[in-house]
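The block underneath contains the structure these notes are about, expressed in structure tokens.
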Amino acid sequence: MSWIVLVGQRACGKTSIGQELAKVLNIDFVDLDDEIEKREKKKIIDIFEVFGEKYFRKQELKSLLSLPKKKLVLSTGGGLITQADALSFLKQRGVIIHIEVSQKELLNRRKNDKTRPLLYGSSTLENEIEKSFEIRESLYIKNSNMTLNCNALSLDESVNKMVKLIEVGK
């Protein structure tokens with residue numbers, strides 16, 4: 001297994017958990033959103049506002065395909081799972097782990113975050129999270145090798161549980 005791929009709703013903890021997990025496992029960490037921002041020389045929110053979601057998804061796939069083949073922990077964008085080409089590529093690269101949190105927990109985490117654009121033409125954060133669960137949650141479950149529920153867990157607890165999950169899954 002060369003990659004440990006973290007998928008889940010926006011703000012579920014993919015980046016925070018991924019960074020710490022990579023330290024524990026002593027392998028590289030890559031945040032796909034950071035790779036897109038480097039490639040485009042723009043923030044994600046600006047890419048969405050200027051070029052739209054369709055353009056963003058193309059850049060997301062290009063960035064994914066350009067990553068090194070070496071062992072790493074990858075934090076994906078929340079919507080990457082909706083792209084068949086990306087999903088097929090990820091399945092070939094390693095294990096896909098779904099980080100699961102409740103809608104209530106996501107709302108709590110995102111209520112003061114102004115860096116993420118609302119999706120699906122939503123007028124409120126609550127509406128966007130609801131819609132995102134309708135569209136994405138079943139895809140995460142269906143396409144992941146494992147699921148880790150991180151509701152009410154600290155970062156350290158989440159990382160420790162993930163290490164155990166990976167050990168069992170080998």
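The values are calculated or read from the model by the stated rules, or taken from the named source; none is laboratory data. Predicted model, so just to flag it, every value in this text is computed and none were measured. Positions of Cβ are backbone-derived with ideal geometry, glycine not excepted, and every protein chain shown enters the neighbour counts.
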Can you find even one residue in region 99-109 that is under 15 Å from the mean Cα position of the chain (by Cα), closer than 17 Å to Ile166 by Cβ, at pLDDT 90 or above and surrounded by 14 or more Cβ atoms within 10 Å (Cβ to Cβ)? yes
Within region 69-85, which residues are under 24 Å from Leu139 (Cα atoms), modelled with pLDDT under 95 and not polar (S, T, N, Q)? Gly77, Gly78, Gly79, Leu80, Ile81, Ala84, Asp85
Pairs under 8 Å by beta carbon, first residue assigned to a helix (DSSP H, G or I) in region 91-116, partner modelled with pLDDT of 75 or more and of a type in the set (S, T, N, Q), six or more apart or different chains? Lys91/Asn143; Arg93/Ser2; Glu105/Asn151; Leu106/Gln9
For region 148-163, name all the residues that are surrounded by fewer than 16 Cβ atoms within 10 Å (Cβ to Cβ) and at pLDDT 90 or above. Asn149, Ser154, Leu155, Asp156, Glu157, Asn160, Lys161, Val163
Unique residue being in contact with a strand residue (DSSP E or B) (Cβ under 6 Å, 6 or more places away or on another chain) and of a type in the set (D, E, K, R) when the list is Glu20, Glu100: Glu100
Of the residues in region 60-82, those that are surrounded by fewer than 20 Cβ atoms within 10 Å (Cβ to Cβ) and touching a helix residue (DSSP H, G or I) at 6+ places or on another chain (Cβ under 6 Å) number 1
Unique residue being hydroxyl-bearing (Ser, Thr, Tyr) and at pLDDT below 90 when the list is Ser66, Ser88, Ser122: Ser122
Any chance you could count how many residues in region 9-32 are in contact with a Phe, Trp or Tyr (Cβ under 6 Å, 6 or more places away or on another chain) and surrounded by 23 or more Cβ atoms within 10 Å (Cβ to Cβ)? 1
